[in-house]
Amino acid sequence: MRGWATGLLVLMAVVYLVSRTYEASWSGFPWVLAFAEAAMVGALADWFAVTALFRHPLGLPIPHTAIVRREKARVGRMIGRFLRRSFLSPIVVREQWREHQPLHQLVRMAAEEENERALALRVEKIAPQFLAAVGRSGFAQSASELIEEGLQKMPVGKVISRGLKTLLENPRRRELLAPILGRLAQMVESQSGFFVSEAEKEAPFQETKLLGALTRGVTRAFSGRAVEKAGAKLAEASQDQAHPLYDRIEENLREAIDELGSGSKTLSEWEGFKERLLSDPETRSGIESFLRNSGDLLSEELLAGEESPRVVRMLREAAVGLAKNDKLLSEWEESLGKLVEGILQKHGDQVESLVSGMVERWDADMLISTLEAHVGPDLQFIRINGTLIGGCVGLLLHGFGLLIWG
């Protein structure tokens, strides 16, 4: 397009010379002359404006030219500010999120059966390479270091206290405890012989044969009865959430919360246990081994499947179920939108600084070349339009002149 714009300017110059030379020989030449003269002015003015954006016209250091090169940093700040205010502001993000509902679209796409095979092919292609790269990168070691560092900073007493409070505030807490009590009942029943034998070892008068046999027998009878009764109580409680055992458990949990919150010996014991655990060299190797084995097992399970990986089928099943529950999906959509909005609002300054910093670090010649490659044709059209519009203005001015002065 640059050639067309320049060629049009040259054409106007030739027309101007011809019409100027033969102006007196034909009455129409003054009109052609006015058009060509004004067209050259418009073309040169727009050429100067377009060129001044990127460089000095004719290499002359004219003030307020080479704007992009000279004001690159300011342009970067302007772009960053524009991006934040026009695209990343909370109001815009909220409106766009509610209009497009990306979570709804993602769930609907994942729930469609024809998309399952395409996703499966992508997972089958990418997953082995990703897992191999994760293995080579020492992910387990890095993750174990992060976990250990997090545990070191974690106030274990407060975490346990908060977890117990959350449990006690949950209206379904007894539903959560019932399966645990059921498993304890099964354990007590299956291990009753162990408990009885341990109780026998503590029977008095072991050094006397006759009294020792008598006390062991009594201990066996009472301990067996006690173990049997304890198992029965646990089994009853697992089936009846109104059982008084729950009241005793909750009371003990509240006492534990009070002890942890008062800086008592219990809190010190938990902190000491954490320190001993983290100071043991086997802890990190154990965490690494667990992460490595868990990752291998998880990948084997999730990538297994004859038609498509299990993880893909699980995703589609979850998407189908979620698509049917529009109320839950809408709640998740709203929550996710608020999360994204909060993140952008919190880190908006960083995004703006990142964009402006990137533009400022760009090489000026590369930036100019990139801009010219993308908007160059439009800029050349400005020159062409300036030539034609200038010529039309020249005709109008010539016509007005004839009307006024003859």
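The values are calculated or read from the model by the stated rules, or taken from the named source; none is laboratory data. Quick caveat, the model's predicted, so the values are computed rather than measured. Here Cβ is always computed from backbone atoms with ideal geometry, including for glycine, and neighbour counts include all displayed protein chains.
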Which residue pairs have Cβ atoms under 7 Å apart, sit 6 or more places apart or on different chains, and have a first residue in the stretch 98-117 that is among the acidic types (D, E) and a second that is in a helix (DSSP H, G or I)?
-> E116/V312; E116/R316
Considering only the stretch 63-85, state which residues are modelled with pLDDT under 80 and hydrophobic (A, V, I, L, M, F, W, C).
-> A66, I67, V68, A73, V75, I79, F82, L83
Could you give me the residue pairs with C-beta distances under 6 Å whose first residue belongs to the stretch 233-245 and is farther than 16 Å from Q186 by Cα and without any contact (Cβ under 8 Å) to a residue 24 or more places away in the chain, whose second residue is among the aliphatic types (A, V, I, L, M) and part of a loop (DSSP other than H, G, I, E, B) wherever it lies, and which are 6+ apart or on separate chains?
-> none
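Kindly evaluate S137 against the criterion of being among the hydroxyl-bearing types (S, T, Y) and at pLDDT 75 or above.
Answer is no for this residue.
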Return yes or no: is L278 farther than 20 Å from L146 by Cα, among the hydrophobic types (A, V, I, L, M, F, W, C) and at pLDDT below 75?
-> no
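Rundown of residues vs (1) touching a residue at least 24 places away in the same chain (Cβ under 8 Å); (2) farther than 30 Å from R70 by Cβ; (3) assigned by TED's automatic domain parsing to the domain that holds G390, yes/no style:
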| residue | (1), (2), (3) |
| --- | --- |
| L8 | yes, no, yes |
| A13 | yes, yes, yes |
| A24 | no, yes, yes |
| V32 | no, yes, yes |
| A36 | yes, yes, yes |
| A45 | yes, no, yes |
| A49 | yes, no, yes |
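Residues in the stretch 73-86 that are surrounded by fewer than 16 Cβ atoms within 10 Å (Cβ to Cβ) and not basic (K, R): how many? Show your work before the answer.
Step one: filter the stretch 73-86 for residues surrounded by fewer than 16 Cβ atoms within 10 Å (Cβ to Cβ), giving 73-74, 78-79, 81-82, 85-86.
If we keep only those that are not basic (K, R) as well, we get 73, 78-79, 82, 86.
Going through the stretch 73-86 one residue at a time, the tally reaches 5.
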Just a yes or no: is a residue in the stretch 387-398 without any contact (Cβ under 8 Å) to a residue 40 or more places away in the chain, in the same structural domain as L44 (by TED's automatic domain parsing) and under 23 Å from R84 (Cβ atoms)?
-> no
In the stretch 26-49, is there at least one residue being assigned to a helix (DSSP H, G or I) and closer than 30 Å to H347 by Cα?
-> no
Going through the stretch 87-110 in order, the residues found to be over 28 Å from A318 (Cβ atoms) and surrounded by 11 or more Cβ atoms within 10 Å (Cβ to Cβ) are F87, L88, S89, P90, V92, E95
Based on what the data block shows, is R310 within 23 Å of N115 (Cβ to Cβ), among the basic types (K, R) and at pLDDT 75 or above?
-> no
Those residues of the stretch 14-59 which are surrounded by fewer than 14 Cβ atoms within 10 Å (Cβ to Cβ) and modelled with pLDDT of 90 or more amount to V14, L17
For the stretch 51-72, enumerate the residues that are out of contact with any Ser or Thr (no Cβ under 8 Å at 6 or more places or on another chain) and part of a helix (DSSP H, G or I).
-> L53, F54, L58, G59, I67, V68, R69, R70, K72
What do you reckon, is R85 among the charged types (D, E, K, R), closer than 30 Å to N325 by Cβ and part of a helix (DSSP H, G or I)?
-> no
Going by the structure shown, is M358 free of Cβ contacts under 8 Å to residues at least 60 places away in the same chain, part of a helix (DSSP H, G or I) and either surrounded by 14 or more Cβ atoms within 10 Å (Cβ to Cβ) or not polar (S, T, N, Q) (or both)?
-> no
Residue count, the stretch 230-267 (criterion: farther than 23 Å from T166 by Cβ and either at pLDDT below 75 or in contact with a Ser or Thr (Cβ under 8 Å, 6 or more places away or on another chain) (or both)) = 2
Does G321 satisfy the criteria of being closer than 30 Å to M109 by Cβ and either in the same structural domain as V156 (by TED's automatic domain parsing) or at pLDDT below 75 (or both)?
-> no
